[in-house]
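Peer 1: There's a structure below that I have some questions on.
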Amino acid sequence: MISIPPKFDHIEIENKWYSFWIENKFFKSIPDSKDPYTIVIPPPNVTGLLHMGHMLNNTLQDILIRRARMMGKNACWVPGTDHASIATEAKVVENLKNKGINKSEISREEFLKHAWEWTEKYGGGILEQLKMLGCSCDWDRTKFTLDEDMYESVILAFEILYEKGLIYRGYRMINWDPEAKTTVSDEEVNYVEEESNLYHISYQVENSDQKLIIATTRPETIFGDTAICVNPKDKRYKSLIGQNVIVPICGRIIPIISDTYVDIEFGTGCLKVTPAHDINDYNLGIKHHLDSIDIFDDSANLNHHGLHYEGKNRFVVRNEIEDELKLNSLLVKKESYSHNVGRSERTNAIIEPKISKQWFLKMEEISKPAIDNVLQNENIKFFPNKFKSTYKYWLENIKDWNISRQLSWGHQIPVYYYDKDENYIVAKNKDEALHKLNKKGISVKESDLYQDNDVLDTWFSSWLWPISVFDGIRNPNNDEIKYYYPTQDLVTGPDIIFFWVARMIISGYEFRNKKPFSNVYFTGIVRDKLRRKMSKQLGNSPDAVKLIQEYGADSVRVGLMLSSAAGNDLLFDESLCKQGKNFTNKIWNALRLISGWEIDNKLNQSEVNKIGINWYENKFSFTLDHINENFEIYRISDVLMSIYKLIWDDYCSWLLEILKPEYGEKIDPKSKYQINELLIKNLKILHPFMPFLTEEIFSKISNDEKSIVISSWPKKTKYELKTINDFEITKEIISQIRNYRKDKSISFKTSINLFYVRNNRKLPNVEIIKKIALVNEIKESSKDKFNQVYSFIIKGFEFFIPLEENFDKEIELEKLNKDLNYNLGFLKSVESKLKNEKFIKNAPSNVIEIEKKKLIDTKQKIQSIKKSISDLN
RNA sequence: GGGCGCUUAGCUCAGUUGGUUUAGAGCACUUGGUUUACACCCAAGGGGUCGGGGGUUCGAAUCCCUCAGCGCCCACCA
């Protein structure tokens with residue numbers, strides 16, 4: 001007999017087994033003859049810390065990968081981190097600022113040195129935290145998006161796409177973050193409704209006394225006005241179209257144009273057009289061939305176009321110009337107005353739409369396979385399916401991807417200029433650039449050659465992730481990429497369906513002509529109990545590491561998995577971890593109980609044990625089928641709930657109670673062996689969810705395999721539904737006897753006799769009933785022999801227990817009448833169905849048969865209840 | 001403004017193509033229970049007119065229409 005400590009010490013056990021797994025290289029994968037099962041991790045920010053979203057996401061991946069490993073696949077989970085250019089650069093800039101260093105005053109090289117120091121200091125912590133969670137990644141494969149090989153892959157991808165003519169440099173209206181001094185993608189702008197003012201400003205019509213009143217929220221942009229636009233159908237202004245107006249303060253003469261874009265109802269129906277600073281105005285500008293005057297510098301201060309406001313901030317100018325307009329009686333009206341203002345997700349600065357020279361990737365052509373393979377032939381499946389419509393909409397309206405960012409931290413754009421900003425060559429490095437130029441017959445001095453200052457959008461490296469981690473960009477025919485690619489499952493959040501998922505699918509087909517993965521599991525967002533997003537400001541985000549330390553990794557994993565159907569938000573509450581911990585405790589105590597059973601080799605297996613074990617084996621197989629099916633459709637929380645109930649209810653509450661020897665008695669060797677084997681099977685299906693607990697117990701009770709990690713998933717076996725259904729009857733009978741005891745205040749230690757009315761069926765599991773419900777004898781009998789009985793009917797069997805004392809006729813009658821009423825009501829509904837000619841005519845025969853059976857059952861039941869009532873009276 | 005989705009027990013959610021008794025689970029709750037695995041436990045129990053209204057059907061939580069409320073995504077009216 002092994003001695004089992006009374007408490008499961010998760011901290012010690014987690015450390016012990018994680019080291020053991022690593023030492024034995026169980027998570028290591030190299031290509032072999034087995035089928036690959038591959039997941040690439042969504043790389044977290046290298047300097048980030050583990051939060052609830054990561055825990056949810058990575059627990060899911062670990063569950064999938066551990067199960068695949070047990071099913072005999074070559075399981076490979078590739079971990080890694082992302083350089084997260086905007087977020088990391090912002091942190092480094094801030095850190096330097098605190099040290100009194102301004103980014104603009106140091107060289108790119110110096111800045112990158114600081115950035116690398118920062119990364120080395122704070123980087124990779126998140127991967128250590130994933131180990132605490134139990135994640136079974138192949139750590140030897142850990143990648144960072146700025147690793148040399150990864151960097152080269154990104155640069156090469158740029159070159160390849162450029163050669164294909166898919167990358168171009170163009171002028172575009174971009175979102176400018178004047179604080180971070182960078183462009184941000186459309187996806188990184190948040191629109192918030194804010195209070196502001198609508199200014200009505202008077203413009204003098206040239207060579208006329210007439211005035212035009214325009215309404216604007218941004219009076220400071222009048223320096224960039226290049227037209228006034230009215231709706232061609234607007235009678236008020238029809239005659240003015242084609243004339244000119246004079247822009248207040250700067251005196252520029254601009255035309256009055258017309259376009260149906262202008263809403264007659266809004267404001268005064270006159271729109272001032274500032275093509276350089278508004279996306280809609282920009283589009284109007286292109287359509288009507290207007291000049292575009294950029295009035296801001298990089299910090300959104302006014303430049304020389306702002307005349308006497310030059311150098312002043314846009315919001316300062318807004319106030320000052322209001323005064324100047326007032327002074328000149330040009331401000332007709334100022335009304336408060338609320339509208340949506342775009343703010344940078346990173347710095348919260350108000351976004352300034354700006355025309356800028358940027359690098360773009362043409363998306364329309366290369367994204368076609370991403371539409372077909374998800375929406376038409378389902379080569380890639382989404383779980384849940386509903387995200388396909390979001391995906392579809394985005395892809396069908398896809399815009400070219402602005403891939404350049406005005407940052408230093410990232411993959412520097414491999415473009416070398418040799419003639420101011422106009423002529424350039426795409427090359428991996430300066431030497432190659434010179435070489436390429438030479439070949440073209442262009443002679444350039446090395447000192448005149450300089451690289452583009454911008455870096456690539458972070459997603460331009462992550463979209464290659466499933467390929468580049470296997471070096472499939474640089475060496476497209478290497479053994480690894482051929483073996484592991486396409487990967488199987490991707491687990492990620494729906495918030496990055498466009499940023500990342502769609503683009504990986506696009507790059508997969510573009511670079512390998514194959515999908516990057518077969519299934520995408522979208523997790524929900526982790527929220528608190530009140531449905532609020534977890535956030536630092538609210539302080540409602542639990543400390544992930546603390547949770548693991550307090551409850552244990554297994555319990556936290558179970559807590560997370562208990563209530564998270566794919567795509568559904570998870571309302572996290574610590575009580576979920578507590579439930580996980582209770583489950584841990586339950587299983588641990590089951591082990592303690594079994595371990596305490598001493599074997600008597602002389603004993604033969606009792607009928608009770610035999611029946612009990614046979615039932616559980618059937619129940620296990622039945623549940624295993626269900627579990628496997630649910631795994632196939634990624635209903636992970638349903639899987640866990642099935643296992644939870646199987647172990648807690650069926651194994652612990654029923655089977656262990658059935659096998660438990662009487663006090664002071666021993667157990668027969670066969671039963672002990674079987675109960676042990678069944679526990680091992682339970683542990684195996686639970687292992688993906690609770691790796692540490694299951695390994696600890698497995699190590700104590702299994703002799704065959706070295707570790708549960710590399711053990712095999714239980715095989716599918718046949719089961720008899722009849723065995724399972726019969727046992728359900730048995731459970732109900734036992735339940736009723738318990739009710740009887742409670743009703744009559746009869747101790748659970750006093751044995752009773754149970755009778756049942758003759759029936760043409762054999763009562764199953766008699767021995768079990770006797771043991772569990774403490775019944776002396778179960779006999780066929782007629783009720784007439786007894787004065788008063790407590791009776792109940794289960795699946796055609798009518799049971800009764802003779803009553804001798806504690807008999808309250810009124811209570812008994814009330815109970816019987818209640819039961820009678822229910823059954824009469826039910827009978828009525830069944831009868832009305834069967835009397836309905838249309839039902840008989842139209843319903844399928846099996847449905848009619850069921851109804852008929854119900855009718856007979858219920859009639860019998862009613863008769864029996866009525867008899868009981870009359871017997872009482 | 002455009003699109004997608006949701007509304008089932010106190011809470012979180014199942015409920016597969018309409019049909020196996022008058023809707024299930026987990027948690028929470030109520031009541032009773034502990035000398036012999038576990039109170040991080042055992043046993044029993046209560047609790048829902050399936051958001052409202054209308055329709056199709058022999059039959060609707062399930063399909064259709066409509067109203068109400070909620071959520072998400074996209075767009076960003078000066």
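The values are calculated or read from the model by the stated rules, or taken from the named source; none is laboratory data. Computed from a predicted structure; not experimentally measured. So basically every Cβ, Gly included, is an ideal-geometry build from the backbone, and we count neighbours across all protein chains shown. These area figures cover heavy atoms from the full protein model, side chains too; ligands, DNA and RNA do not enter into them. Shrake-Rupley method; radii C 1.70, N 1.55, O 1.52, S 1.80 Å.
Peer 1: Restricting the first residue to segment A:724-743 and requiring it to be on the phi < 0 side of the Ramachandran plot and of a type outside the set (D, E, K, R), which pairs with a second residue that is within 11 Å of RNA strand B (Cβ to nearest atom) and assigned to a helix (DSSP H, G or I) meet a Cβ separation below 7 Å and a spacing of at least six or different chains?
Peer 2: Correct list of pairs: A:ILE734/A:ILE772.
Peer 1: Can A:LEU820 be described as open to solvent by less than 30 Å² (accessible area, probe 1.4 Å), over 22 Å from A:ASN725 (Cα atoms), over 48 Å from the mean Cα position of the chain (by Cα) and away from RNA strand B (no atom under 16 Å from the Cβ)? Before the answer, list the steps.
Peer 2: Details: open to solvent by less than 30 Å² (accessible area, probe 1.4 Å): yes; over 22 Å from A:ASN725 (Cα atoms): yes; over 48 Å from the mean Cα position of the chain (by Cα): yes; away from RNA strand B (no atom under 16 Å from the Cβ): no.
No, not satisfied.
Peer 1: Within segment A:256-284, track down each residue that is more than 13 Å from RNA strand B (Cβ to nearest atom) and more than 14 Å from A:ILE214 (Cα to Cα).
Peer 2: A:ALA276
Peer 1: Hey, another quick one. Can you pull out every residue in segment A:551-579 that is open to solvent by less than 10 Å² (accessible area, probe 1.4 Å), of a type in the set (S, T, N, Q) and part of a helix (DSSP H, G or I)?
Peer 2: Once the filter is applied, which keeps residues that are open to solvent by less than 10 Å² (accessible area, probe 1.4 Å), of a type in the set (S, T, N, Q) and part of a helix (DSSP H, G or I), segment A:551-579 yields only A:SER555.
Peer 1: (1) near RNA strand B (Cβ under 10 Å from one of its atoms); (2) under 25 Å from A:ASN765 (Cα atoms): which one isn't true of A:LYS586, the others all being true?
Peer 2: (2)
Peer 1: Taking the residues in segment A:721-774 that are open to solvent by 40 Å² or more (accessible area, probe 1.4 Å) and among the hydroxyl-bearing types (Ser, Thr, Tyr) as candidates, determine which candidate is nearest to RNA strand B (Cβ to nearest atom).
Peer 2: Residue satisfying both the conditions and the ranking: A:SER735.
Peer 1: Kindly indicate which of A:LEU284, A:LEU290, A:LEU307 is over 11 Å from A:THR221 (Cβ atoms), part of a loop (DSSP other than H, G, I, E, B) and either open to solvent by less than 50 Å² (accessible area, probe 1.4 Å) or out of contact with any Pro (no Cβ under 6 Å at 6 or more places or on another chain) (or both).
Peer 2: Numbers: A:LEU284 fails: part of a loop (DSSP other than H, G, I, E, B); A:LEU307 fails: part of a loop (DSSP other than H, G, I, E, B).
Residue meeting the stated conditions: A:LEU290.
Peer 1: Give A:VAL545, A:VAL469 a once-over and let me know the one that is under 20 Å from A:PHE144 (Cβ atoms), more than 16 Å from RNA strand B (Cβ to nearest atom) and β-branched (Val, Ile, Thr).
Peer 2: When all the criteria are applied, what remains is A:VAL469.
Peer 1: Scan segment A:165-182 and tell me whether some residue there is open to solvent by 40 Å² or more (accessible area, probe 1.4 Å), in a helix (DSSP H, G or I) and out of contact with any Ser or Thr (no Cβ under 7 Å at 6 or more places or on another chain).
Peer 2: No.
Peer 1: Among the residues that make up segment A:552-569, is at least one of them over 15 Å from the mean Cα position of the chain (by Cα) and among the β-branched types (Val, Ile, Thr)?
Peer 2: yes
Peer 1: If you check A:ILE506, A:ILE497, which single one turns out to be β-branched (Val, Ile, Thr) and at pLDDT 95 or above?
Peer 2: Step by step, each of A:ILE506, A:ILE497 is checked, and only A:ILE506 is β-branched (Val, Ile, Thr) and at pLDDT 95 or above.
Peer 1: Another question about this same structure. Please find, within segment A:580-619, the residue that is nearest to A:GLU696 (Cα to Cα) out of those that are within 31 Å of the chain's Cα centre (by Cα) and open to solvent by less than 20 Å² (accessible area, probe 1.4 Å).
Peer 2: A:TRP588
Peer 1: Separate question: Kindly provide the set of residues from segment A:838-873 that are open to solvent by less than 40 Å² (accessible area, probe 1.4 Å) and more than 10 Å from RNA strand B (Cβ to nearest atom), ordered by number.
Peer 2: Residues satisfying the conditions are A:ILE862, A:SER864, A:ILE865, A:SER868, A:ILE869, A:LEU872.
Peer 1: Taking the condition of being open to solvent by less than 10 Å² (accessible area, probe 1.4 Å) and of a type in the set (Gly, Ala, Ser), how many residues in segment A:203-234 meet it?
Peer 2: Within segment A:203-234, residues that are open to solvent by less than 10 Å² (accessible area, probe 1.4 Å) and of a type in the set (Gly, Ala, Ser) number 2.
Peer 1: If A:LYS354 satisfies all but one of (1) of a type outside the set (Val, Ile, Thr); (2) more than 30 Å from the chain's Cα centre (by Cα); (3) modelled with pLDDT of 90 or more, what's the number of the condition it fails?
Peer 2: (3)
Peer 1: From A:LEU562, A:LEU593, A:LEU570, A:LEU603, which residue is within 8 Å of RNA strand B (Cβ to nearest atom) and more than 19 Å from A:TRP648 (Cα to Cα)?
Peer 2: After applying the criteria, what remains is A:LEU570.
Peer 1: Here are some residues: A:SER344, A:SER356, A:SER338, A:SER367. Which one is of a type in the set (Gly, Ala, Ser), away from RNA strand B (no atom under 14 Å from the Cβ) and within 30 Å of A:ASN301 (Cα to Cα)? Spell out how you get there, then give the answer.
Peer 2: Numbers: A:SER344 fails: away from RNA strand B (no atom under 14 Å from the Cβ); A:SER338 fails: away from RNA strand B (no atom under 14 Å from the Cβ); A:SER367 fails: within 30 Å of A:ASN301 (Cα to Cα).
Exactly one of A:SER344, A:SER356, A:SER338, A:SER367 is of a type in the set (Gly, Ala, Ser), away from RNA strand B (no atom under 14 Å from the Cβ) and within 30 Å of A:ASN301 (Cα to Cα), namely A:SER356.
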